[in-house]
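Visitor: Got a structure for you, written out below as structure tokens; questions coming shortly.
Readers should treat all values here as calculations from the given coordinates under stated rules, not as data from a laboratory. The structure presented is a predicted model; accordingly, all values stated were derived computationally and were not measured.
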Amino acid sequence: MAFYSHILLAVDFTRVTDSVARQAVEMCQAFKARLSLVHVVEFTQMDLSNDLILPQELEFEQELIKQSRLRLEELAVKLGLKKSECFVSQGSTRREILRLAKELNTDLIVVGSHGREGIQRLLGSTANAVLHGAPCDVLAVRVKGESVE
Ligand code: AMP
């Protein structure tokens, strides 16, 4: 059986977050592993035709990052983790999750999987994207009977 010592949970703050987090915590308890949380704030530049980033856009992004950190820390406290286990990154979700997994040398990444159908499946999911570039194992927790929205 594989032995995990450091698990990275990717948090998107949708309704499935709690059940995915619960599963990650149970795995950590089973393996006596360290658990870190990551949330990625995707780029939100309003006008892609404009090379200039306006000050209000920067302020908006800084505020998003601040709010995300607060939410992630709240979740960490709820899960019995230290705030220092929270990581908020900015950029591409896939790239940032993989970068952090490498940086922290985690041996398991836990993501939610929503079992998409049709066009959504063709477009791919974060779980799928993470799986394909991961430096370690990936657990896609299938959340049944819940919608992402
Ligand atoms: P998605 O394929 O985008 O519906 O997301 C599936 C899973 O990827 C979520 O349950 C999270 O574990 C992870 N995820 C998606 N977006 C983010 C994000 N912005 N930051 C961190 N993890 C994310």
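Visitor: Once fully extended, how much extra length lies between residue 92 and residue 63, figured as 0.36 nm per residue of separation less the alpha-carbon to alpha-carbon distance?
Guide: Length gained, residue 92 through residue 63: 8.6 nm.
Visitor: Can you give the extra length, in nm with one decimal, that the chain gains between residue 42 and residue 5 once fully stretched, where that is 0.36 nm per residue apart less the Cα-Cα distance?
Guide: The residue 42-residue 5 span can extend by a further 10.5 nm.
Visitor: Can you tell me the length gained on complete extension of the stretch residue 34 to residue 15, counting 0.36 nm per residue apart and subtracting the Cα distance?
Guide: Working it through step by step, the gained length comes to 4.4 nm.
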